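Below you'll find the structure, written out as structure tokens, and then a few comments.
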Amino acid sequence: MRNRLSTNIITRHFQEYSSIYTFIMVLFLMGVIFGAIIVNSLSSHQKEDLFYYLNQFFGQIGEGKMVPPEELLKLSFIHNVKFAGLIWVLGISIIGFPLIFILLFIKGIVVGFSVGFLVNQMGWNGLLLSFVSLLPQNLLIIPVFIFISACSIGLSMKLIRKIFIRQSLPFQLVPVFASYFMVYIGAMAIITVAASIEAYIVPALMKSILSTIAK
């Protein structure tokens, strides 16, 4: 019974916000594509400088001179929680919700640029490195950002209709904001798992791949 209720709630959520999910996922993918295109617009000198620092970073990983996992976990957690928190706050602010689209687009650019640069400079090895360094944690982080963005945009649109358009919506502030707060708590929990993967699993995968490439 409880499982069926949870399934119904999830189904209703995705049905209600289906157009928002479609738009923000397309926007994110556009950011990824744009980020990959930016790589080709860099000059050879800029690419050489970036690749020099990247090689130094890879060298440190290969030698085991990494930031301690606990510190990396802390940094990753704080960064992603702040990003998700900003999206969450923009949803409450009503007029700030268009900035959510910009943030998701920028996130897509960062991912696209990272993958595109590695592939541009290292070919198939770069693709493999991007696969182990970016994919594990982002399999959780990106869906979380998309989910909290959809909830934030949905809340903003309801508030706009209620306050400015004066629509008679069945809208009770306390339950709605309580649910919205729980969305952020759930996002923090998943971000903690993703940060743990980035801190404890990804460095080991990268070290293994780099040692294989170096042979």
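The values are calculated or read from the model by the stated rules, or taken from the named source; none is laboratory data. Remember, it's a predicted structure, so these values are computed and weren't measured experimentally. Neighbour counts are summed over all protein chains in view; Cβ atoms, including those assigned to glycine, are modelled from backbone coordinates with ideal geometry. Keep in mind that these areas ignore ligands, DNA and RNA; they rest on the heavy atoms of the full protein, side chains included. Shrake-Rupley method; radii C 1.70, N 1.55, O 1.52, S 1.80 Å.
I want to confirm something. Restricting to the range 67-106 and keeping residues that are open to solvent by 60 Å² or more (accessible area, probe 1.4 Å) and modelled with pLDDT under 85, which single residue is farthest from GLY126 (Cα to Cα)?
Only one residue tops the list, namely ILE95.
Please go through the range 125-143 and pick out each residue that is under 16 Å from ILE24 (Cα atoms) and either in contact (Cβ under 8 Å) with a residue 60 or more places away in the chain or of a type in the set (Gly, Ala, Ser) (or both).
ILE141, ILE142
Taking the range 112-134 on its own, how many of its residues are within 22 Å of LYS82 (Cβ to Cβ) and open to solvent by 30 Å² or more (accessible area, probe 1.4 Å)?
The total comes to 3.
Return the residues of the range 28-63 that are charged (D, E, K, R), open to solvent by 50 Å² or more (accessible area, probe 1.4 Å) and under 18 Å from VAL111 (Cα atoms); say none if nothing qualifies.
Those that are charged (D, E, K, R), open to solvent by 50 Å² or more (accessible area, probe 1.4 Å) and under 18 Å from VAL111 (Cα atoms): none in the range 28-63.
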